Amino acid sequence: MFRKNIRGVVGAIEIVLIAVVLAVSGLVVWRVVDSGTEEDNAANVEETDELMALPEDITTLMTFEEVEALATEEIGDAAIVDITVEQDEDVTVYQYRLEDGRILRFNAQNGTLISQSQGEQFSSGEPTFRNAGVTVGMEQAMMAAQNHYQNNYQNQAQNQNQNRIVRAGLGYEDGSLVFQFTFADGAEISVDAQTGEVIDAVSGTSDTDSGEAADDTSGNGAGSSTGASQGNN
């Protein structure tokens, strides 16, 4: 009888110890996952912090089409996969990724080639700008993105500098050609390159997807027509 009681006590202790071990393990896993999420968010904020704001007046820049016309020798017959616009000190840079893997960086003010490097070649089935039918210029798309930011995220910005655009891009997203604008606070807003409408937006402070464009983006087509064929190849 005494031995049975001992076994019962030992069994109960074992159960308690197992429960404690499982609880501690779960806590460790949760902390690791949570830490990873915090590190990802911190990395995103750090990346945007390192980027310089693009000029507020981009009418001083050459259009994508104008740069491409000057760079026919450098681009050759390769189709364009995507274009990224960033600020490097006092120079605005257009970075072209081509289907043959080449990466060309041009001065957006005068169209001169800054650098050329070789990246990974893209698959033949990947969409390119060739015959893409781009009808919206970057100026009009940027205006739509800024309006959407002001109407939805302006109150979340900690200071006025956070509503500045630090990166712009033109590429394919879910089969559609879109402009994507990244703001200093990490917010990302996508604008359809054919309609000029905001089709997707993510807050930089809460990372909450706002989904389809709301009524606040109506009238975006009233923007300037400067560079209306910008990005077309």
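The values are calculated or read from the model by the stated rules, or taken from the named source; none is laboratory data. All of these numbers come straight from a predicted model, not from anything done at the bench. Every residue, glycine among them, receives a Cβ derived from its backbone with ideal geometry; neighbour counts consider all protein chains shown.
Hey, which of the strands (runs of 3 or more DSSP E) in segment 61-121, taking only ones fully inside, have at least 3 residues that are under 17 Å from Ala193 (Cβ atoms) and within 21 Å of the chain's Cα centre (by Cα)?
Working: elements: 80-88, 91-98, 102-107, 113-118.
It comes to 80-88, 91-98.
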Quiz item: For segment 142-201, what are the residues that are out of contact with any Ser or Thr (no Cβ under 6 Å at 6 or more places or on another chain), farther than 22 Å from Thr63 by Cβ and of a type in the set (A, V, I, L, M)?
Solution: Ala157
Exercise. Would you confirm whether any residue within segment 198-216 is small (Gly, Ala, Ser), modelled with pLDDT under 90 and at positive phi?
Key: yes
Practice problem: Being closer than 21 Å to Leu51 by Cα, in a loop (DSSP other than H, G, I, E, B) and either in contact with a Cys (Cβ under 8 Å, 6 or more places away or on another chain) or not acidic (Asp, Glu) (or both) is the filter here, so list the residues in segment 169-186 that pass it. | Solution: Ala184, Gly186
Quiz item: Looking at Ala132, is it modelled with pLDDT of 95 or more and surrounded by 18 or more Cβ atoms within 10 Å (Cβ to Cβ)?
Solution: no
Exercise. Would you please list the contacts, defined by Cβ atoms under 8 Å and residues six or more apart or on different chains, that run from a residue in segment 52-63 that is within 13 Å of Glu89 (Cβ to Cβ) to a residue that is part of a helix (DSSP H, G or I)?
Key: Ala53/Asn161
